[in-house]
1. As I understand it, the dipole of the chain uses +1 on the Cβ of Lys and Arg and -1 on the Cβ of Asp and Glu, about the Cα centre. Which of GLN46, ALA214, VAL547 lies farthest toward its positive end?
2. By how many nm would the segment from ASN600 to GLN196 grow when fully extended, if each residue of separation counts as 0.36 nm and the alpha-carbon distance is taken off?
3. Rounded to the nearest Å, what's the spacing between the alpha carbon centres of the stretch 325-370 and the stretch 581-655? Just the number, please.
4. For the chain, give me the percentage of DSSP beta bridges that are antiparallel, rounded to the nearest 5 percent.
5. Is the stretch 94-135 best put as rounded, prolate or oblate by its Cα gyration tensor, with a ≥ b ≥ c the root eigenvalues, rounded for a/c under 1.5, and otherwise prolate when a/b is larger than b/c, oblate when not?
6. To make sure I understand, if each residue's beta carbon is the centre and we count other beta carbons within 10 Å, what order do TYR523, TYR602, TYR617 fall in, fewest to most?
7. For the pair LYS242/ASN446, report the inter-label distance in nm, with labels modelled 7 Å from Cα in the Cβ direction.
8. If I take R0 = 22 Å and measure r between the Cβ atoms of ASN10 and ALA78 in this structure, what FRET efficiency does the formula 1/(1 + (r/R0)^6) give, to the nearest 0.05?
Amino acid sequence: MIKNAQIHFNLQGTPVADHFDDVYFSNDDGLAESHYVFFQQNNIAQRLQNHDRDFFSIAETGFGTGLNFLNTWLQFKAHIAHRQHDNNKVQNQYDKSVNRLHFISFEKYPITKSDLTQALKAWPQLAHLSEQLLANYPITLAGCHRLEFENGAIVLDLYFGDVQTSINTMSYPACGVVDAWYLDGFAPSKNPDMWQSSVFNSMVDISRSNATLATFTAAGFVRRGLIEAGFSIQKAKGFGRKREMLIGQLTQANQAHSAAPYFANDTATLNRVAVIGGGIASSSLLYSLAKRGIHTHHFCQDDALAMGASHNVQGAVYPHLQAKNSPHSEFFAHSFLYAKRLYKQLLAQGFSFDHSWCGVLQHAVKTPLAQRHENLDKKQLWPEELMHAVSAQQGDELAGISTGYPGVFFPLGGWINPPQLVNALFQAAKAITINTQPLNSEFNCNIEQLEKTDEGWMLTANINQKSKTFGPFSDVIVCAGEHSDQFNQTEKLPIVGVRGQVSHIKASEESKKLKTVLCHKGYFTPHYQGHHCMGATFEKNSKSRQVTEQDNQTNHKQLLSFYQNTAFAPSLGHITSAKAAVRCTFIDHLPMAGQWADQNDYMQAFANLRLGKRYQYNALQKPQQGLHILTGFGARGFCSAPLSAEHLIAHLNNEPRPFSERVSQAIHPARFIVRDLIRNKI
């Protein structure tokens, strides 16, 4: 569990860490010191104007009050404003100018939100940025929290946990991801763990060639450790009364990378991307691509979005957590928190969708569930803000009705209207592309064939019984749910189709008292438009979308079997309508996000895995290079698709990635092939 920092404020109003007995920033002028030591000494203002990528990446040891991040954000806004002001000049002078800022920061003991609010009052000139940071400040969950501002132009990856441990968990390419380092832990004499050679070596692992660093300290063992790690180091004039500080540069990246060869995703030049699908996965992808200004062409076989598994009237949004710190739990916890921040930002930007963040109450309706909840509570892996156990009395108070069941409560969860949310995300993507590369969409367009040519990927479509070809595209991303296996290239995609039907039942005066989403074996939502959503059935290996009366009765009987002794369940009215869809899943209940893995190619390249050898591999031939998969979200797409889309595009674009390496491998499209090779099954 992550522990918050214990702090107090000294007579000057400066926050002081009790554990380290050190200030978070200078008593004299912390903002001026931050600007001089980190922003100026890394020469960032000039580098933003001439860089080899359209984004610039900074990493920081010690987030503290976020002062360095906020100042860098402020300076980046000035950079963008200056470029826009000078748009009458020759446009080519800005060809290498940076459009996006990516800031990575590590914090072992995060400040509480209330303490952070007080600390940032010292900088009224940063208030317009501080308010946004505070509105998105994450709960104390270990791992990477991706926070986005300015329509994705500013990205903060805030890692809660020890810096060494955090870097060791990261997913990163051989070329590195960091352009500049802010070494800003507490003084080396008071916090020696952050100034070790192992940390410096890990910094090199994720740094790009010519990455720079700056730090307020000039301690000899710090200088020697950085030199031994590979940085060239020199002294510079310190800030204010400090005589010296250190600056440095890494001449050459060391080519370290986080993934085994069979789990490495290709990087790409995303010039023109085709996205196939019409649900939450495709809208999430379109939004991620739009934020980066990447020209995208979207293809949907239906006449509108969210006509497949995303078409229900109400969908519950909450994470699926286990009683262990597994890749599965990490994936869902961070995906849920990212999705929640994204949805709140959409609403703040004026996009609308019906919703209620009323919390989700998971009842222990059977002994196995009760045991699972007890185990979850006993392990205490998850912050209370994310999930906590409740007694029957506490649960009934939260729900507003009497059920008699204990359970676990997800206070940040709730329900959304899926079609409205998918459309809101789609409209947000289109709004971003007004001033960048266009987003084109084709509806009633069934893609029948994918073909890789020397020029790129070509797509053959059936539109109103007429064939039309689109392309070429540098990359194709298939996120078509249960239809993702319809192409020759993807026919071996091991999709498990699970048909589900949700019934809409009339609310009663008693049932209208329900204040939270209820989960039992299925789920039951608070009333909306005079009805509750009740469901859902599970029918494996079926792709039928036909609504049946039998499934309506199954849903009703299941609800009554658990709640027959309550006041609300027997009082419900008639079932007036229903919706059926096919959930696209895989056998491990995780999605796929990454480069399509050709089984024959893997069998030839990694044949030694059959012999128990993890070496002497052949190179992958990658016959389908540029073809990617994003699908398999089952019933949890609105919880997990947005961050999965971000991870995929970040991976392809050589950007810092939001998922850890173990999560990246857990959702890699090659995972089943690798497993079967190791087990000698193929």
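The numbers here are math on the coordinates, done by the rules we state, and not lab data. This structure is a prediction, so every number in the text was calculated from the model and none was measured. Positions of Cβ are generated from backbone atoms using ideal geometry, with glycine treated the same way; all protein chains shown enter the neighbour counts.
1. VAL547
2. Using 0.36 nm per residue and subtracting the Cα-Cα distance, I get 140.9 nm.
3. Answer, in whole Å: 25.
4. 65
5. In terms of gyration-tensor shape, oblate.
6. TYR617, TYR602, TYR523
7. 6.6
8. Calculated value: 0.10.
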